[in-house]
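Asks: Quick one: structure below, then a few questions.
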Amino acid sequence: MSVLDQLVSAIRSAAIEVVDLTARLDASTPVIQLPAPFANTVPFSLREVSRYDDRGPAWYWNDITTGEHTGTHFDAPVHWITGRDGADVSAVPVSSLIAPAAVLDFSAEAAADPDFLLEPAHVRQWESQHGPLPAGGWMLYRTGWDARSGSQREFLNADETGPHTPGVSVECARWLATEAPVIGIGVETVGTDAGAAHSFEPPFPCHAALLGAGKYGLTQLQNLAVLPPTGAVVIAGPLPIVAGSGSPARVLALVERS
Ligand code: MN
C-alpha cells in the first residue's frame, strides 16, 4: 500500500483521528478590541444573496463579511511592521501548512493567573520531558482559554487596566523567533500576544519577533486538550488572500490512536 493509501485507510479506521481545532464562525465569534485611537475589525456576518426564492429559486448562498484576523486564523509575517517585507498570506509555502506540533499545556498556570507568561525556562522544562520542539513545526500553547470562546467578555477578559489573557514573555518571544526550530506558535487566545502585551517593552513582542523572523501565528485554536504532547500533525488552511495579512483558517490535527 502506498503511504497515502495507508493514511486514508488509517483515517477511515480511526487509527488516525482527525481533530478539529477550529472555532465556529458566526456573529458572536470573539474579535479583538483595540482601544482608541486604533481602528478595529468588524464582527463576522452573513448577508443572504438568495434562499430558494425570487432572487434564486433553487439555491441558497450568502456574502460574508469578516476580518482577516477573525476566529481561528493565520497570521502572516506581513501582518506586523517587523515583517512588512515578508510573505503575505497568499505567499506562505503550502508545505508549511502541514506540519508536526508540540502541545505545551499551561492551562493550570493560566487558570491561576490570567496574565501568565510562558518563559524560555518553561519550554526547556517541557523539552527535558518530551524532547525538542519539532523542527519545521508548531509550538501549540494550551492555556484552557478555548473554554471561554463562547463569550466575547470572558474571552477578552478586560477590566479598566486592559485585557488579561495569557501569552509569552519578551524573552520567550525572542527565543521562539531566533532559536527555536519552529515555524510558528499556535494559541487559544485572541492573538499570539498576552492581553497585557501592549504595555511590554517592546509592545506585542510575540508578533514583533516571530513575524519579523518570517514565522507564523495561529490563534483562537480549540481542542488542544485532546492532542498528545508530541506526535500530532497540524493541517492549517488559510485562504490565499492576495496581499492579505492573515486569514480565517480551518485548522485540523491528525492524531495517531493505538
Ligand atoms: Mn491575528
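The values are calculated or read from the model by the stated rules, or taken from the named source; none is laboratory data. Note that the structure is a prediction, hence the values are computed from the model and not measured. When we count neighbours, we look across all protein chains shown, and the Cβ atoms used for this are built from the backbone with ideal geometry, even at glycine. Areas reflect the complete protein model, heavy atoms only, side chains present, ligands, DNA and RNA absent. Shrake-Rupley method; radii C 1.70, N 1.55, O 1.52, S 1.80 Å.
Asks: So what's the back-of-envelope 222 nm ellipticity for the chain, counting only DSSP H runs of four-plus at -39500 (n - 2.57) apiece and dividing by all residues, rounded to 500?
Replies: Values: 5 runs with 41 residues, N = 258.
Dividing the helical sum by the residues of the chain leaves -4500 deg cm²/dmol.
Asks: Another question, then. Find out how many positive minus negative residues lie around Gly56, taking Lys and Arg as positive, Asp and Glu as negative, among other residues whose Cβ is under 14 Å from that of Gly56. Mind dumping the intermediate values first?
Replies: Details: positive: Arg47, Arg51, Arg55; negative: Glu48, Asp53, Asp54, Asp63.
In short, -1.
Asks: Another one. Under the rule a/c < 1.5 gives rounded, and otherwise a/b versus b/c splits prolate from oblate, where does region 80-193 land using the Cα gyration tensor?
Replies: Oblate is the answer for region 80-193, as a/c is 1.5 or above yet b/c matches or exceeds a/b.
Asks: Right, here's the next one. Compute the distance from the alpha-carbon center of region 68-100 to that of region 193-239, in whole Å.
Replies: 11
Asks: Also, I was wondering about something else. May I ask you to rank Ile98, Ile11 by accessible area, largest first, using a 1.4 Å probe over the protein chains only? Kindly include the intermediate steps, with their values, before the conclusion.
Replies: Values: Ile98 105, Ile11 65 Å².
I get Ile98, Ile11, largest accessible area first.
Asks: Leaving out ligands, DNA and RNA, what percent of the accessible area of region 1-116 is carbon and sulfur, probe 1.4 Å? Please report the intermediate quantities before stating the final value.
Replies: On the way: 4220 of 7060 Å².
Result for region 1-116: 60 percent of the exposed heavy-atom area is carbon or sulfur.
Asks: Another question, then. Per residue, how many Å² of accessible area does the chain show with a 1.4 Å probe?
Replies: Values: 12800 Å² over 258 residues.
Result: 50 Å² per residue.
Asks: With a/c under 1.5 counting as rounded, go ahead and sort region 17-256 into rounded, prolate or oblate using the C-alpha gyration tensor (a ≥ b ≥ c being the square roots of the eigenvalues; past the cut-off, prolate if a/b is larger than b/c, else oblate). Please report the intermediate quantities before stating the final value.
Replies: Working: a/c = 1.58, a/b = 1.40, b/c = 1.13.
Prolate is the answer for region 17-256, as a/c is 1.5 or above and a/b outweighs b/c.
Asks: How much of the DSSP bridge set in the chain is antiparallel, in percent, rounded to the nearest 5? Show your work: numbers first, answer last.
Replies: Details: 30 of 44 bridges.
Bridges in the chain are about 70 percent antiparallel.
Asks: Still on this structure, please answer the following. Going by the alpha-carbon gyration tensor, a ≥ b ≥ c the square roots of its eigenvalues, is region 145-245 rounded (a/c under 1.5) or, if a/c is not under 1.5, prolate (a/b greater than b/c) versus oblate? Numbers along the way, then the final one.
Replies: On the way: a/c = 1.45, a/b = 1.10, b/c = 1.32.
Here region 145-245 falls in the rounded category.
Asks: Please state the charge dipole magnitude for the chain, taken about the Cα centre, from unit charges on C-beta atoms (+1 on K and R, -1 on D and E), reported in debye and rounded to the nearest 20. Please report the intermediate quantities before stating the final value.
Replies: Values: 14 positive and 28 negative charges, 108 e Å.
Roughly 520 debye for the chain.
Asks: Where does the charge balance sit around Gly237 when Lys and Arg score +1, Asp and Glu -1, over other residues with C-beta under 13 Å from its C-beta? It would help to have the intermediate numbers written out before the result.
Replies: Details: positive: Arg250; negative: Asp20.
Here the count lands on 0.
Asks: Moving to a separate point now. Could you state how much accessible area Tyr60 has, in square angstrom rounded to the nearest 10, with a 1.4 Å probe and all protein chains kept in place?
Replies: 90
Asks: Counting alpha carbon pairs within less than 8 Å and at least 6 residues apart, what relative contact order, in whole percent, applies to the chain? Before the final figure, lay out each step's value.
Replies: Working: 592 pairs, mean separation 76.1, N = 258.
Once divided by the residue count of the chain, the mean separation gives 29 percent.
Asks: Antiparallel versus total DSSP beta bridges in region 134-235: what percent is that, nearest 5? Can you show the working numbers first?
Replies: Working: 2 of 9 bridges.
The antiparallel fraction comes to roughly 20 percent.
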